[in-house]
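First the structure, in the form of structure tokens, and then the observations on it.
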Amino acid sequence: MRYIFLFFLPWAIVHAQPERATLSGYVRDASNGEALIGATVFVPASGAGTVANAYGFYSLTLARGIYQVRFSFVGYTDVVCEVDLSRNTRLDIELTASSTQLDEVVISSKEEEAAIRSIQMSVNRLNAATIARMPAFLGEADIIKSIQQLPGVSTVGEGASGYNVRGGSVGQNLIVLDEAAVYNPSHLLGFFSVFNPDAIKDVQLYKGGIPARYGGRLASILDVRMKEGNSKQFEANGGIGTIFSRLTVEGPLVPGKASFILAARRSYIDVLARPFVDVLRDGARLNFYDLTAKLNYRLNEHNNLFLSGYAGRDIFFFDRQQGFSWGNATGTLRWNSIIGNRLFSNVSLIFSKYDYALQFGEDERDNFKWNSSVTDFTVKPSLSYFINSQNEISAGVEAHYYQFDPARATGTTNGETVNISLDRKYNLETSFYVSHQLQVSRHTSAEYGLRYSIFQGFGPGRVYQYNDTIPGIRRQPVSFTDYAKGVELVRYATPEPRISLKYEFNPRSSVKASFMRMAQYLHLISNTAASNPLDVWAPSSQNIKPQLGTQVAMGYFRTLGQEKSYELSAEVYYRSTRNQVDYIDGADLLINEYLEGDLLSGRGRAYGMELYMQKKTGRLTGWVSYTLARTELKVNGINNGSWYPTRFDQTHNFKATAFYQINNRWSASANFTFLSGTPTTFPTSRYVIQDILIPHNAANTRNNVRIPPFHRLDVSFRLEGRSQRKNGKTRKNTDYWVFGVYNLYARKNPFSVYFSQADDRAASGAPLQSRATQLSIIGTLVPSVSYNFHF
């Protein structure tokens with residue numbers, strides 16, 4: 001640690017001058033006491049400024065004097081205060097939502113100039129109001145579907161779980177809810193996400209230039225922050241939709257000190273259909289539910305406690321005995337503290353678990369049962385030191401203890417049970433990081449840092465040694481070694497440097513660049529086009545090396561218009577990866593003790609350009625984006641050793657999102673998406689055996705054809721409830737209706753194309769014809785209506 005201290009000591013000596021004083025405090029919403037993440041604190045006279053952190057805390061050190069300080073946040077009325085900074089001063093500010101807030105429910109930066117002034121690039125942020133107004137499947141606002149409208153983000157098709165960012169696979173995205181990792185973010189096989197939008201305050205997606213405090217995945221970080229609960233008064237929000245209903249309650253527990261929020265959702269398609277569907281009356285179940293909760297307590301003006309959690313599950317049972325289910329559970333306990341005026345600390349204790357269960361069979365004498373899970377215990381202490389308005393140092397430690405249970409499986413036949421379970425795996429991932437953000441000059445800023453990660457595997461466990469074979473052919477185990485409890489099986493260590501640079505030409509334009517190196521020690525084992533609930537997470541081992549990724553990016557950012565109503569950006573990026581996992585043809589991924597013998601690893605590359613334009617003010621707001629990209633892999637044993645496109649490679653990605661305020665009660669919104677067809681593997685020849693046609697890829701190619709392009713238009717209309725009663729009195733409660741149509745022109749977008757024999761049974765010796773079949777998940781328009789209320 002003394003070397004890190006010496007590294008930053010010159011900056012601390014230069015800027016820690018005695019004739020300075022610190023202004024610090026929290027910025028909160030005046031109506032409910034919620035912290036305003038990213039609120040801007042700016043001193044026009046000196047040009048100094050800062051932004052509030054994830055807890056709404058800010059700290060600004062200036063030369064002693066009297067200043068006009070402006071506090072601002074998108075959608076809120078600015079507050080300007082005169083501050084006598086003759087000594088260190090604590091100033092907590094509450095901002096009031098502006099009357100034009102409804103016109104600003106679009107993807108927002110930390111303020112109008114933030115895209116220019118902020119050192120961060122390749123970052124997008126969605127607020128809750130934007131998500132609520134975007135057209136959605138069956139009229140239900142959804143975070144995961146909303147971020148798919150951002151540049152550089154794509155999906156392989158409708159109903160696909162997860163998303164892809166800048167050429168990364170679904171398993172290369174880290175999704176966190178109040179710092180807890182979410183290992184499967186989907187409900188209903190990907191049509192909805194696990195996040196209840198009524199309980200969410202802030203959503204931020206990092207695609208590049210990822211700060212040193214984040215790690216564990218190669219492609220992106222999706223940081224989802226929950227609301228803290230209204231500390232001023234009790235309120236309830238909810239909605240009744242086509243497929244599920246939701247209810248959120250929040251309010252103060254101890255006035256001025258403690259508040260809570262509790263949000264619940266439950267689908268009811270099985271309940272409504274039960275009188276009409278025999279299988280549902282016989283015990284079949286088809287539903288999902290989730291519960292999101294948070295409690296916060298202010299110990300004093302310097303210390304706060306937060307306790308948040310999530311529990312949700314999907315249940316698909318075909319009858320009383322057969323089906324499967326999956327679900328997530330998370331919990332986060334956080335204590336943050338202000339030490340002095342410049343030092344902010346936070347300690348988080350985190351729990352996360354994902355599990356699924358599968359069972360088939362008529363009774364207890366003949367059945368199959370399979371349970372699998374991954375459990376994650378995490379400790380994260382961190383510090384942020386605000387030296388002055390030009391310098392901030394952050395440092396921390398992050399330790400994950402993982403327990404992987406790939407299969408607790410038994411098969412029973414005629415009352416005789418066979419246990420085919422796989423051994424548990426135990427791993428520890430520890431990371432240390434330090435970063436320094438500084439204003440080098442009036443026009444130049446930089447943020448540089450280092451994250452150092454260590455990954456270890458421990459016994460008890462068995463490690464197999466595999467034979468060498470022709471690349472692309474299954475490797476067979478030739479020996480094994482058993483390790484006792486607590487014995488180290490494997491160790492990897494990776495330095496992960498990060499750097500971001502910004503040069504500001506003027507208040508309206510800037511250019512930015514970033515470099516990052518990331519390490520990923522957990523691998524999502526899935527060879528399907530889209531991830532599914534039965535996918536397996538596997539840790540790095542002696543036979544599976546950690547994935548390593550490096551990304552460089554550059555961008556130009558500009559605002560236009562007299563009121564800076566338009567924001568333009570252009571970014572280019574190049575990402576290279578090593579040890580990226582792929583699979584032999586015919587890989588057996590489920591309950592396979594020798595899974596490592598079916599895995600291959602190779603190099604990857606992804607590069608592209610993202611263009612983005614956003615209109616922020618007026619009756620018509622929204623954004624348009626276009627991404628030109630390529631994503632490829634090169635794995636010895638696949639595609640004859642040549643580069644080939646990944647299953648989620650999309651050359652062209654065009655998206656448009658628009659919001660229009662028709663009048664005081666009616667508003668409209670629309671999404672349009674066009675994506676190039678994704679690659680797939682078509683057969684190049686065929687076999688005929690006993691009058692059965694079998695497609696065959698004789699050329700050993702991978703992803704040699706693209707399916708047709710994907711495009712879709714969604715629209716929605718929102719009708720606000722009347723603000724006054726018939727007697728002229730103002731209503732205390734508010735409500736609104738949402739009418740929407742998903743896939744307005746009924747496009748049959750292809751999810752996949754597969755080949756089969758045209759005639760199931762052909763006369764012996766007759767010529768056989770093959771048939772190509774296009775699978776569309778949703779091939780028609782889907783209307784919806786939902787009612788939402790607040791009181």
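The values are calculated or read from the model by the stated rules, or taken from the named source; none is laboratory data. These figures come from a predicted structure and were not determined experimentally. Glycine gets a Cβ as well: all are built from the backbone with ideal geometry, and neighbour counts include every protein chain shown. Just the protein is used for accessible areas: all its heavy atoms, side chains included, with ligands, DNA and RNA removed. Shrake-Rupley method; radii C 1.70, N 1.55, O 1.52, S 1.80 Å.
Pairing residues of the range 676-687 that are free of Cβ contacts under 8 Å to residues at least 12 places away in the same chain with residues that are of a type outside the set (Ser, Thr, Tyr), at Cβ distances under 7 Å and at least 6 apart in sequence or on separate chains, gives Tyr687/Ile694; Tyr687/His696.
Considering Ser382, Ser348, Ser352, the condition of being at pLDDT 95 or above, surrounded by 21 or more Cβ atoms within 10 Å (Cβ to Cβ) and among the hydroxyl-bearing types (Ser, Thr, Tyr) is satisfied by Ser352 alone.
Quick check: anything in the range 81-93 within 24 Å of Ile147 (Cα to Cα), in contact with a Ser or Thr (Cβ under 8 Å, 6 or more places away or on another chain) and either at pLDDT 90 or above or not assigned by TED's automatic domain parsing to the domain that holds Thr444 (or both)? No, that holds for no residue. Annotation: Gly472 fulfils all but one of (1) open to solvent by 60 Å² or more (accessible area, probe 1.4 Å); (2) touching a residue at least 24 places away in the same chain (Cβ under 8 Å); (3) assigned to a loop (DSSP other than H, G, I, E, B); the unmet one is (1). Could you tell me whether the range 625-632 includes any residue that is farther than 30 Å from Phe755 by Cα and among the β-branched types (Val, Ile, Thr)? Within the range 625-632 (the criterion being farther than 30 Å from Phe755 by Cα and among the β-branched types (Val, Ile, Thr)), the answer is yes, since at least one residue qualifies. Considered as a group, the residues in the range 50-68 that are of a type in the set (Gly, Ala, Ser) and over 22 Å from Ser86 (Cβ atoms) include one that is surrounded by the most Cβ atoms within 10 Å (Cβ to Cβ), and that residue is Ala52. Restricting the search to strands (runs of 3 or more DSSP E) fully inside the range 116-226 and requiring at least 3 residues that are touching a residue at least 60 places away in the same chain (Cβ under 8 Å) and closer than 22 Å to Leu383 by Cα gives 200-206, 220-226.
Applying the selection to the range 672-692, what residues are within 30 Å of Gly167 (Cα to Cα) and in a strand (DSSP E or B)? Matches in the range 672-692: Phe672, Thr673, Phe674, Leu675, Pro679, Thr680. Please enumerate the residues belonging to the range 533-550 that are among the β-branched types (Val, Ile, Thr) and in a loop (DSSP other than H, G, I, E, B). Within the range 533-550, Ile544 is the sole residue that qualifies. Residues in the range 388-421 that are open to solvent by 30 Å² or more (accessible area, probe 1.4 Å), out of contact with any helix residue (DSSP H, G or I) (no Cβ under 8 Å at 6 or more places or on another chain) and either closer than 30 Å to Ser441 by Cβ or not in a strand (DSSP E or B) (or both): Glu392, Asn414, Gly415, Ile420, Ser421. Residues that are modelled with pLDDT under 90 and either open to solvent by less than 60 Å² (accessible area, probe 1.4 Å) or among the aliphatic types (A, V, I, L, M) (or both) within the range 94-111 comprise Ala97, Ser98, Leu102, Asp103, Glu104, Val105, Val106, Ile107, Ser108, Ser109, Lys110, Glu111, listed in sequence order.
The residues of the range 435-469 that are of a type outside the set (S, T, N, Q), under 30 Å from the mean Cα position of the chain (by Cα) and open to solvent by less than 20 Å² (accessible area, probe 1.4 Å), listed by number, are His436, Leu438, Ala446, Gly449, Arg451, Phe455, Gly457.
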